[in-house]
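Coordinate-derived values only; no laboratory data. Values in this document were obtained by computation on a predicted structure and should not be read as measured data. Cβ atoms come from the backbone with ideal geometry, glycine included; neighbour counts cover every protein chain shown.
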Amino acid sequence: MIINAYRNPPTAFPGTRLLETTLGIVGVRIPDPANMRRVWEVQSLYLPLRGRAIGGIRTKLSDQKGFVTFCNQRDLEVMLGIGRSGEYCAWADDEYVSPEDERWCGFCCDDDDLMDDLFEREMFLRAQVPGGVLPSNLDIERRVHLEHNNDFEEVYVLLADMDFDTGMFPDPRFSTVDRRWVRSERKRVRWEQS
């Protein structure tokens, strides 16, 4: 097991769900079971989210073409060889599954994962701007892998670095990141042709 995040909760950077620890797996490269030409590299780790069918920490990965995705802890442990299909997964109180199993999720992400990625990108941008105040109409381009054969290129535009309810400026909070940025473009792409 990588970690039992429920028994020994990891610490996240203040105001984020981004873990402070790398748990020794950041930088590890993993071939995609659905496309062996595609190789994912672990970029960062995130706190578990309540209400997820599969708990545990979440891992953000990037492939050789710059697409980002996430993976749940159970499936990541199988791909890392820490767990094997049919064995008991103690932290999840369930069995590990194989990539062929209908319960396998593997490399995929949802809106919560994408919001964590957007906020992490915003934090890096703030670190590069004097005073940490982001200019309006700044844009971020990203490539995302939502699930097998479901890849997109997206553009997000910063409306303003402020809380529109209170007028607080700048607004570096995670809780309002989805109100500062708007997706202006999303187009489906084929990984093989990108």
Using only C-alpha atoms and all pairs of different ones, pull out the Kirkwood radius for the chain in Å with one decimal. 17.8 Å
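Checking a compactness column here: for segment 127-186, what do you get for Rg(Cα) / (2.2 N^0.38 Å), N being the number of residues?
Relative to the rule-of-thumb radius for its length, segment 127-186 sits at 1.29.
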Points 7 angstrom from Cα along the Cβ direction at GLU20 and GLU192: gap in nanometres? 4.6 nm
Nearest 10 degrees, 0 to 90: helix 111-128 Cα axis against the chain principal axis: 50 degrees
Hull volume in cubic angstrom per residue (convex hull over the Cα atoms of segment 1-76): 102 Å³
Packing-wise, with mean Cβ within 10 Å as the measure, how do 58-70, 88-100 rank, highest first? 58-70, 88-100
Just to be sure I understand the model, the point goes 7 Å from the Cα along the line to the Cβ. What's the resulting PHE152 to LEU138 distance in nm? 2.3 nm
What are the ³J(HN,Hα) couplings of segment 162-179, residue after residue, when phi is run through the Karplus curve with 6.51, -1.76, 1.60 and θ = phi - 60°? Round to Hz, x for glycine and proline. 7, 8, 5, 7, 9, x, 4, 9, x, 10, x, 7, 5, 4, 10, 4, 6, 9
Full extension from GLU41 to ARG103: what is 0.36 nm times the residue separation minus their Cα-Cα distance, to one decimal in nm? 20.0 nm
What's the FRET efficiency of ALA90 with ALA160 using the Cβ-Cβ distance as r and R₀ = 45 Å, to the nearest 0.05? 0.45
Gain upon complete extension [ALA34, TYR6; 0.36 nm per residue less C-alpha separation]: 7.1 nm
